[in-house]
Structure formats: structure tokens, C-alpha cells
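To start, the structure under review is shown below, and the notes come after it.
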Amino acid sequence: MRNLLLTLRYNGTPFHGWQIQPNGNTVQQELSDALKKISGKEENIIGCSRTDAGVHANMFCCNVRTECNVPSEKIPDALNFYLPPDISVYGCEDVDYDFHARYDCKGKEYVYLIYNGKHRNPFYENKAMFYPYEIDVEMLNNEAKDFIGIHDFSAFCSVGTSVEDKTREIYDCKVSRNDDVVEIRVSGNGFLYNMVRIIVGTLLDIQKGKIEKGSIPDIIESCDREKAGVTAPAHGLYLNKVFY
């Protein structure tokens, strides 16, 4: 038996998220089917996290304990032969047998893209949130700094989550612009369900004037989901980096 660490990227638009589920095609299912054609048996693939329907990944890591004897450097090409064009494996290495893609993860970085042009751009359809109104990037970047640190992020988590401990550390949170594309980049040691999308929605509600400037610390302190902003659409979100 060996333990393989696979690194892949995917366009989440056609999938119902990462994790296998009975109703709807998923990234994990496609990867499992491709791996079965190589190894000859059903393998248990462990992902670094879950991503929702429509969410993308520039870097997603998973591990699989397998008896497959294909050299690790040849596995990406072998898998990509069977995978659909929306998924690409670009890394594979043998790791310690005890390595666990989820539990050994030290942190992640997410990127949220907003297309801030006056009119829709078809090349960003399902790849970025379309927002044709003014965005004051400098102001929002200053506001975003209030997310940095160790906090109870209950106010930035979807209601009904089963996670009890909602304390997370945000290493960095910044807003920048490249022409018509506004990027919100958030890194931390862990994230709650829809946390990044609620952070984005809160920043946009500050831009709209629905939430007062400087109120992010008070919202965090309140632990009240109703005081934070809306949940931004899934299709602008990318899992960008995974840290081990």
C-alpha cells in the first residue's frame, strides 16, 4: 500500500461540489471513476475540504491509499486521459502513509472574483460575480483588515451548521483591482460554511451603504448572522491555495 497526494484544479460550474452525493455529479465522483480505471478497484479519496456547487479550485489536494503501482509522475496524465475537461490533475507524489489531506492541512487561501465592468463580460460568466456598480477598492481594503486575527466567526457562518467551535484565525484579507476585475483574497487556518462568501457579501453591503463603515469588529463581536451581509454567489469563489 502507498499513499498518494494528488493536486488538481477544476471548473466547478458543471458539478454539485466536491463531495460524492446521490443526486448530481461531483468532482470527487469523476476523480474516483478515473482512478478506478487505472487501479482496477474502488478507492477511498480524502479531500482537503468540501466545495459547494459552482465553486472553483485553482488548487485542491486529496490523498488516496492504494495498491496501484503506476509511478507517481505518470499518474496525472493517466487520470487526465479519463477525466472531463473541467478537471485537471497536475501533481502527484508519494507521501507518508499517515498523511491526511484534510487533517494535516495548516491553512487555505480563497480568492473571490468580481467583474466590475459596466456591462456583462461573457468570458467571466460563471467565473466571477457581475457587479456593475462603483466599488471603492481602497476603502474596502481598509475595511477588510478588520477580519484579520483570531475571532469567533459565528456571524459569518450559515445558520444551521453543525460545527460547534467557530473560532478561526484569518491571516490576511485584502481587496485589489486589475482593470475591471476586483479580487478579494482571504487566507486563514480554516473556514466555516459559506464564511468567505459572507465576508464578500458584507464588504459589498458596506460599499452599498447597507452596513456602516467600521462596523466589522462589532459584527464579529455580536456573533449574529443577521448583522453580517448577504452570501455572495458561489461562482465567484476559488479555493486558491492549500498549505501543509
Explain nothing, just compute: Karplus ³J(HN,Hα) = 6.51 cos²θ - 1.76 cosθ + 1.60, θ = phi - 60°, for every residue of the range 72-83 in order, whole Hz, x for Gly and Pro.
4, 5, 9, 5, x, 5, 5, 5, 4, 4, 9, 7
How large is the dipole of the chain about the Cα centre if only Lys and Arg carry +1 and Asp and Glu carry -1, each at its Cβ, rounded to the nearest 20 debye?
400 debye
Proximal lysine pairs, the range 107-243, alpha carbons under 18 Å, eight or more residues apart or interchain
15
Choose one answer from Pro85, Pro76, Pro233: the residue with the largest mean-square fluctuation in a GNM of the chain with alpha-carbon springs under 10 Å.
Pro85
Compactness of the range 107-243, expressed as Rg and Dmax over alpha-carbon positions, Å
14.1, 42
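Please give the calculated 222 nm ellipticity per residue for the chain, where each DSSP H segment of at least 4 residues contributes -39500 (n - 2.57) and the sum is spread over every residue; nearest 500 deg cm²/dmol?
Details: 5 runs with 50 residues, N = 244.
Computed ellipticity for the chain at 222 nm equals -6000 deg cm²/dmol.
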Which chymotrypsin sites (Phe, Trp or Tyr not before Pro) in the range 78-139 sit in a loop by DSSP (not H, G, I, E or B) and have at most 13 other Cβ atoms within 10 Å of their own Cβ?
Tyr97, Tyr103, Tyr133
Taking Cα pairs closer than 8 Å and at least 6 residues apart, the relative contact order of the chain in percent is 23 percent
Apply the Karplus parameterisation 6.51 cos²θ - 1.76 cosθ + 1.60, with θ equal to phi minus 60°, to every residue of the range 180-191 and state each ³J(HN,Hα) to the nearest whole Hz, in sequence, with x for glycine and proline.
8, 9, 9, 10, 10, 10, 10, 10, x, 7, x, 9
Cα extents of the range 1-160 per principal axis, largest first, Å, are 55, 39, 32
Whole-Hz ³J(HN,Hα) for each residue in the range 33-44, computed from phi via Karplus 6.51 cos²θ - 1.76 cosθ + 1.60 with θ = phi - 60°, x for glycine and proline: what do you get?
5, 5, 5, 4, 5, 8, 8, x, 8, 6, 10, 8
Tell me the Kirkwood hydrodynamic radius of the range 2-95 in angstroms, computed as one over the mean inverse distance between distinct C-alpha pairs.
13.0 Å
Test of the criteria: in the range 71-177, which GluC sites (Glu not before Pro) are in a DSSP loop and have at most 12 other Cβ atoms within 10 angstrom of their Cβ?
Glu125, Glu134, Glu164
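Just so you know, all these numbers are worked out from the coordinates, no wet-lab data involved. Just so it is clear, the model here is predicted, and its values are computed rather than measured. All Cβ positions, even for glycine, are placed from backbone atoms using ideal geometry, and neighbour counts span all protein chains on display.
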